[in-house]
Every structure is written in structure tokens, then in C-alpha cells.
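Step one of this worksheet: look at the structure below.
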Amino acid sequence: MTTNGHTYTLKVWRQPGADRPGRLATYTVTGISPDLSLLEALDVLNEDLIRKGEDPIAFESDCREGICGQCGIVVNGVAHGSKLGCTTCEIRMREFAPGSTITLEPFRATAFPIIKDLVINRSAFDRIIARGGYVSINTGAAPEANAIPVARDLAEKAMDAAACIGCGACVAACPNASASLFVGAKVSQLAVMPQGHAERERRVTRMVAQMDAEGFGNCSNHGECEAVCPKEIPIHVISRMRREYIRASVKSVLG
Amino acid sequence: MSDPAPITLDPRIPEGPLEHKWDTFKQEAKLVAPANRRKYTVVVVGTGLAGASAAASLAEMGYTVKSLCISDSPRRAHSIAAQGGINAAKNYQNDGDSVWRLFYDTIKGGDFRSREANVYRLAQVSASIIDHCAAQGIPFAREYGGTLSNRSFGGAQVSRTFYARGQTGQQLLLGAYGALMRQVDEGNVTLYPRREMLDLVTVDGRARGVVARNLVTGAIERYSGHAVILATGGYSTVFHLSTNAVNSNATAVWRCYKRGALFANPCFTQIHPTCIPQAGDGQSKLTLMSESLRNDGRVWVPKLKGDQRPPAQIPEDERDYYLERLYPSFGNLVPRDIASRRAKEVCDQGRGVGPGGLSVYLDFADAVKRLGEPVIRSRYANLFDMYHEITNENPYQVPMRIYPAPHYTMGGLWVDYHLMSTIPGLFVAGEANFSDHGANRLGASALMQGLADGYFVLPYTIGHYLAGIGPGAVADKDPAFDVAERGVREDVSRMLAVNGSRTVREFWHDLGRIMWNKVGMSRHEKGLSEAIAEIQSLRQEFAKNVRVSGAEGDFNKDLEFAGRVSDYLGLGELMARDALQRRESCGGHFRDESATPEGEALRDDDHFTYVAAWRYRGEGQLPDMQQEPLPFERVHPSQRSYK
Ligand SMILES: Cc1cc2nc3c(=O)[nH]c(=O)nc-3n(C[C@H](O)[C@H](O)[C@H](O)COP(=O)(O)OP(=O)(O)OC[C@H]3O[C@@H](n4cnc5c(N)ncnc54)[C@H](O)[C@@H]3O)c2cc1C
Ligand code: FES
């Protein structure tokens, strides 16, 4: 380990299992270069703990470049930290003053039970997608790709929504633990793309029903979700989802 | 041990002219009737592009599918990180593309070390992939008229790469994941996330399932089926630092190798030229800057050794745009192996820039001047932001600094034309197999191959296999499952019991250093022999002195990584052995002893036009190598030239 880096105090949520009590534990890390990422600083701490025979901190990550959505820690009270438009794995140590204290807690929501320490279970998102977050087309049945033109700005708009990485920060930040930004993003992408039109009513109805069944709260327009979203998914995807939902309800009543 | 009987590696390539082989196969393949398909269970390991597309397509057809992955959701597989794009021979740009040309570019890009028939099929199905993905509602980039846009990638003189901003892999994977989740909803797929496959189970010589560890509870679980598909990705993480995700690993392929599946061309690895250079110790991965940047960025170093001036102060005539100088017709878009090697060469000459002289410039100043910053921003904003974030330097103002990093593995489990390994019933798809890229992969061709395998090849070839074996019951009570499960438990307990003094990560780090220095961008006899000895002693030390924390029956990342690193120590040695036997240079495999006077890879077609397929012969035994000759019937292997 280099000796010329900085020292930090880390306060980390430790919880051995889902039904066990948790608490914040305090650690000191030294020799941390400002170029390291926050997760790399945790790696360094874990190496220390392993050498000392202590249980390393459980946390998750995969791509470590902001695209897989696997990481996700509440950093100093904010999901993915206070820097806009980035995931936990994209936070660099140079963003913290040397010697400062950094508090790390899991994303909390009833629908995201804790597995261990900073690791949570987000399978509820998969179950929502299973109810309609796709175009129902079997392999082999597609028309020629250019047969359905899509206006450039529509494709761009769809892409803005499709950029969601399913990390769950929107849920963690919402006072109601609502998943509306997540669901709204998928609904909007497929409401904009002509390929998604055939089943748009069925999609929104089923996805919203599953979102409610999973125990996510209602959206009451706090806007915290948009503020923490690492992909800066615009909150208007939620209005779009509502419009789609009303459209579907009206259609089902009027036939 | 007596000499083992040689295996005849039968690639099972259909008869007839290249253009008709795939049709011939489909016409002659056995079929399973729709009503019978649900009686067959297929275990699919991995949910990247290859695994998710295979699992979804098979389930749509009516098969019963069990889908395993390491992450908490199938959507997070490593494929999600692919940035640049996916190739297809659509010829939408009217610039002369065709199935033949994509096939030829891929064979040539792979330096004539892949199988003609497989590569031709890949080019043939490429167009259907784009049709299917567009129909899934994937927001590909579009022209104002609403048609699909293309960009160019290395090793091709046509524009055939489709993309969705800098997030092509994400969008394609979410399409495949959506299809998979639809099948979960319909009851045809059962998902098993947070499971790590730790062994393959064979009964009477056929693959019949896997044993996996539940990564939350630590339970060792059994998954039985009529066939197993391995779609577990590549093994660049053997190098420790690579562009791959931190959970990418070689365990599944390695354990199948130990069960008798042959491992093909393990030394064929791709070092990608445009990555953000390493900043220091403690770093956990290297970040790729997409190859698409080479469309507009110009690569250069100072002409003068040790020139310390900031880039803006180095006048034009004191810069060496070495790729443009050496390769006037392809310029900055030469294939990856060449771009990487040349970067290493200029750095070895002392002309590298940045800390330690271990990087070269990728400069956008001309492009910004020509097109304006908004255009550059619209093309690459997310990449530029990522670069800025990581390095604290603004690439709109100063040139990026880049250096090569391990990125992709062309080698993998040997498969025939059906994508079946040497173990009947074990199919291998995506980066995990060796099939299509020879000694070097062209950009935007991995996504194409993963989806070709999963959407359009396996659904046919697995049906053919299953129809041949019949739907008899498969029980996970078979004694073979007991044996595999016991083996896995013993491995886990043994590692936990060592309680030595060095961490798993330290061993991984040490192995990575050996691999990078001696089995990396250039290799030679002496270095490779040293690497083998060093890896062996590291492996012995691992067995005696590793410290793995925590318990078996718990969420335990350290234990997960211990198993993976233990497998890297085996695979690293096999890679070095393979590199040692291949005394020629080809594609990404560069032997110092075999170069043209201009420093290009010099193949030795007379002696090495084969696939090297390695067979495991037991702990402490040397593996033996089988050869699959590569007869070229339609293309004539030539010295690759991108001048
Ligand atoms: C940064 C980056 C950018 C890239 N950009 C491009 C690009 O622009 N174009 C292109 O064509 N290619 C690109 N590539 C290459 C391409 O992304 C990969 O080759 C491809 O996605 C691999 O897909 P796959 O389905 O074979 O495997 P992966 O996506 O690696 O998936 C492997 C799956 O297997 C699972 N798994 C692994 N081991 C086990 C186990 N033991 N038990 C259970 N599950 C297991 C994992 O959980 C995962 O679900 C890029 C690669 C990188 C690293
Ligand atoms: S680890 Fe993938 S988004 Fe952070």
C-alpha cells in the first residue's frame, strides 16, 4: 500500500443478515490515493479486515463504470452520493476532503430487503419487468429492421428513458419508496417506440399492478428520484406513465 | 500414466458449398415437435447476450429452461458494459457490404485462425439480429428519415456497425433480458440468480446438469436437465486488471475443462488499444474507451524520446501520428492487435506520455475543428464524461491518454459447428467458446456473435441434439450429482481451512503481473517458460498459504473470489503453455521470434494452421494438445496488410 495517500474515517452499516439487527461501525483507512474510487477504498479496507481476521464488509459491484446498476450505497445520506449523474462506483476519493468521515448505508425500502451489510435484494424490479417491460415478439418473427422508420428525435427520446440501469436509487431516495421513475422509464421507452404500441395498454396496466403488489409506495411528486438518478432519467417519464395508464383505463372502459 | 488415445475432433461441418452449409444443416436437422418440447429441460448458465438470448428463444419454442447467473438480476451481466456497437451485413450505407465481405473481414481480422463455416454462418445471420433487436423496441441511432444509422469500426472499410449511443451492449442486453423475463412470466423459464456454477455433472458421458453455490445462503444446489448451455463469458480477468466486470471469471469453463471438455486456443487473448491507463495500486479494473473514438481521434506520440512538454506545446511536425504513418489506408482504424502492439512499441522506445511514459495520445482537436464541439459531444459525450470523471482531465481541451488493456478472449471451450463441446450435451455460446474470431476479434463482433449463437444457432442445434436423445427423465438423484456436490464441498472447505497469511487478492495481483509481463502483448520462449514455472509455484503457495475469510454458509465474496483465483492459476498456466507451443505470431498472439521486417505478426501457415485444443489429464499431469486442422476452401490465407 502506498504511504503517501490520505486517511479517511468510514462509518459503515454492518448487518449480518436480513432479520438480524444492524449498526454503524467505524473504520479508519489510510494511504488512499485520490484517484481511487470509493469502492476501491472499500476493497483496501476489506483487505485490511481480512488480514486481521475480521469479517470484510459485504457490498456489491460488477462493471465499476456506471452501467450495470449492481452497486448502490447511500453515501453521506444520499443514494449514490451527492455528485450528480453518477453511480456509487463512479465516485472518486478526490471528491472527499482528506481526513473526512464518509458514511455508507444500504439502499433502504420495504421492497428491497437487506441481505447483508450493504447488499440488498432488488428482485422486485425483475418481477415488474416480467409483467410487460418488453415487446412480445418471438425470435424469428421480426420484419426487416428498416421497414418501420422511427423519427430520430423519437429514438433519442426513447434512449433517454431506456438508459435506466435498474439500480434502485430512485426508490431509496423517495420518501414513499416509490418505483415510479423505474417503471415510468420502461413504459415511456416502449410508448415512444412504434414497436411497443401494439401492447401498450396491457404493458402499463400489468407493470403498475406489479409495482403496487411489491410494496412500493405511491409517487407524490417529491422529485427526489430524478435528483439522484445516475442516468438523469427525467421525471416526466412518470407523467408519461400516468397518461399511459389513464389511456389504458379509458380504453378498457370504453372498449 | 499411459499416453491417452488421441481424440478426433470432428467439427461436424455440413457438406456442400460454404453459402449453403447452414441451410443444409437446417434442412437435415432433427426436430422436436412443439407439444414435446416442454418435456425437455435445458440448463442455461449465464444471462449475458448469449445466455439470455438462448434461454429466451428456447423457452419461446416451448422448452423448459433453468437460467442461472451470478448477479442479483439477469440484466446485470457483463455484456451490459459494451459501448460501441454491433456489426451486421445490412449494406444500408450502399458502400459495398455483403455477407461475403463481413465473413472475409472477420476471417482476415482473426488472422486466418478460425473456421470458415462458422464465420460464414455468423455473417449470414447477422442481418436477422438487427431485425430482431429493432423489433424489440431497442432505440438504435437513427437518421432523420427514420432509418438506422451506422458507424465504422476497426478492420473494415465499410460502415456496418449499429449502435445505441455509447450503450449498445446495455440496450441489446435489456432487449434479451426483457425477452427472458417474458418467458419467466409465461412459466417457461425459472430464474436462479445469485448462483455460481461450480461443476458440471455428466451421466454416461453426457452433460446432465450442474452443481452451483447459492451465493446468499452458501447452499450447494443441483440443477439437472437434458442439455447444458454454458454462456459464462470470457476470461480476461486472469490478467487481474482488465476491462471486464469484477465478477467476470473463468470458473465455469475451467471446471468443464476438468470434466473433459477441450479448451481451444487459450492463448488467444485480445489486448484492447484504447483504455484509460492505470493510475496506481489498489485499482480494481481498467476502463475501456470505445474503439469508435478512433473514427475521429488521432493517435500520436512525440517524435522525441522523453519529450516532457504538454501536448499543446508540441508542434505538428514534432508529432508522430504513427498509425497514419505506418498504415495509410486504415490509419487510426487498424485492427486492435496492431494498434495495441504499436502503442507498446512507441512506449518501449521511450516516446510514451503521461506518468511512467505508459500511454499515447488520442487527440480530438482536428475533429473538433472540423465538425465543431457539439457534433463530437453528440457522438461521444458519455465517453468523454467518463474519461473526465476518472482522470480529472477534460478531453475536449487536452488529448486523451490511452494504453492497451486485456479485454476479450478469443480462446474458449472447443465447440463444433453445432456449438457443442467435446462433452455431448454441453453447448457453449458467446465469449465462452472459441468459435468465430480466430486469433483476433474485430470490434463490434462479440455482440453479434453472442446474439447469433443464442437467437439463431442454438435453437436449431439443441433441438437436433435433444431429438436424438429423447425426453427420458433426468434426476438430480443420480450418483454423479452426489460425487460432484461432494467435490465442490471439499474444495470450499479446503480453501477456508488453509488460514494462511496472504489474501486472495494478493495472489490474483501476482498472477496478473506474471501474465501481463510474460503472456501479454508480446511473448517469447524464455518468458513463457519462466511464466509457467512462476505460476506453478504461485499455485503451490496458494494451496498452502491463502487466507480466505468468513464462513461457508453465508454471503461471502472472499470465498467466491478464492475459487475463481484458484481456477485462474490453472488457466494462466495453460495459456502460457499454449502460447509456448504456437511458435508463430498471429493476431493478438505475438511471438517476438516470428515477425516480419516491418514488425508485423508473421504467421507460419505450414505448421500452425490449426486449432490447439487442450485436454485435461488430471492434477499434476501435463495436459495434452489435440489439433483441429483448418482447411481453407474458399479464402486464401494471406499476410494481413492494413497499409
Ligand atoms: C467494456 C467493454 C466494452 C465492450 N464493447 C463491445 C462492443 O462495443 N461491441 C462488441 O461487439 N463487443 C464489445 N465487448 C465485448 C462483449 O461485450 C462481450 O464479449 C460479450 O458481451 C460477452 O457476452 P457473453 O454473453 O458471452 O458473456 P457475459 O456478458 O460476460 O455474461 C456472462 C454471464 O455468465 C454468468 N456467469 C459467469 N460465470 C458463471 C458461473 N460460474 N455460474 C453462473 N453464472 C456465471 C454471469 O453472471 C453472466 O450472466 C466489450 C467488452 C467490454 C469489457
Ligand atoms: S458497479 Fe456497475 S453501476 Fe456501479
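We did not get these values from a lab; they are worked out from the coordinates using the rules stated. As the structure is a prediction and not an experimental result, all values here were calculated from the model. Positions of Cβ are backbone-derived with ideal geometry, glycine not excepted, and every protein chain shown enters the neighbour counts.
Structure data summary
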| read-out | value |
| --- | --- |
| Separation of the B:D592 and A:T103 label points, Cα + 7 Å toward Cβ, nm | 5.6 nm |
| Sum of side-chain charges, B:F427 neighbourhood, beta-carbon under 11 Å (Lys, Arg +1; Asp, Glu -1) | -2 |
| Difference of contour (0.36 nm per residue) and Cα-Cα distance, B:N517 to B:D604 | 28.9 nm |
| Rounded tilt (10° steps) of A:152-162 against the dominant C-alpha axis of chain A | 50 degrees |
| Leading residue at positive end of dipole, the range B:272-405 (Cβ point charges), from B:V375, B:Q313, B:P328 | B:P328 |
| Within the range B:291-329: backbone nitrogen closer than 14 Å to the B:Q349 label point (7 Å, Cα to C-beta) | B:300-307, B:318-327 |
| Inter-probe distance in nm under a simple model that places probes 7 Å from Cα toward Cβ, at A:T26 and B:E143 | 6.5 nm |
| Principal-axis tilt of helix B:373-391 within chain B, Cα atoms, nearest 10 degrees | 70 degrees |
| FRET efficiency estimate (nearest 0.05) - Cβ-Cβ, A:R202 to B:A473, R0 30 angstrom | 0.20 |
| Phi-based couplings in Hz for the range B:561-578 (Karplus 6.51, -1.76, 1.60; Gly and Pro marked x) | 5, 4, x, 5, 5, 4, 6, 4, 5, x, 5, x, 5, 5, 4, 5, 4, 5 |
| Amide hydrogen neighbours beyond the local backbone of B:G425, cut-off 5 Å, H modeled | B:A207 |
| In degrees, nearest ten, helix B:504-518 long axis to first principal axis of chain B (Cα) | 60 degrees |
| Candidates A:I165, A:I50, A:I91: whichever shows maximal mean-square fluctuation once chain A is modelled as a Gaussian network with Cα springs under 10 Å | A:I50 |
| Charge dipole magnitude, Cβ of K and R +1, D and E -1 - the protein assembly as shown, Cα centre, debye nearest 20 | 1400 debye |
| Per-residue HN-Hα couplings for the range B:223-229 [Karplus 6.51, -1.76, 1.60; θ = phi - 60°; Hz; x = Gly/Pro] | 10, 9, x, 8, 7, 10, 10 |
| Helix-only mean residue ellipticity at 222 nm for chain B, each DSSP H run of n ≥ 4 adding -39500 (n - 2.57), per residue, nearest 500 | -11000 deg cm²/dmol |
| Over 30 Å (Cα to Cα) - which of A:K83/B:K285; A:K116/B:K39; B:K30/B:K108; A:K83/B:K90; B:K303/B:K518 fall in this group | A:K116/B:K39; B:K30/B:K108; A:K83/B:K90 |
| Exercise: per-residue mean of other protein chain Cβ atoms within 10 Å, B:381-388 | 2 |
| DSSP bridge pairs, chain B: antiparallel proportion in percent, nearest 5 | 70 percent |
| Estimated [θ] at 222 nm from DSSP helical runs (n ≥ 4, -39500 (n - 2.57)) normalised by residues in chain A, nearest 500 | -10500 deg cm²/dmol |
| Förster radius 60 Å - calculated FRET efficiency between A:H222 and B:Y321 (Cβ-Cβ, nearest 0.05) | 0.70 |
| Calculated from backbone phi, Karplus (6.51, -1.76, 1.60) coupling profile of the range B:583-591 in Hz, x at Gly/Pro | 7, 9, 9, 7, x, x, 9, 10, 9 |
| Peptide B:173-183, shielding by other chains (average Cβ, 10 Å cutoff) | 6 |
| Reciprocal of mean inverse Cα separation for the range B:197-320 (Kirkwood radius, Å) | 18.8 Å |
| Partners for B:K526 among aspartates and glutamates (Cα-Cα distance below 16 Å; same-chain residues under 8 apart left out) | B:E534, B:E573, B:D578, B:E584, B:D592, B:E593 |
| Given charges at Cβ of Lys, Arg, Asp, Glu: chain B dipole, positive-most of B:V360, B:A562, B:G438 | B:A562 |
| Listed residues A:V119, A:V44, A:V78, most fluctuating in chain A (Gaussian network, C-alpha, under 10 Å) | A:V44 |
| Simple label model, 7 Å out from Cα along Cβ direction - B:N36 to B:Q397, nm | 7.0 nm |
| Members of A:K11/A:K52; B:K26/B:K66; A:K11/A:K231; B:K26/B:K477 lying beyond 29 Å, as alpha-carbon distances in this model show | B:K26/B:K477 |
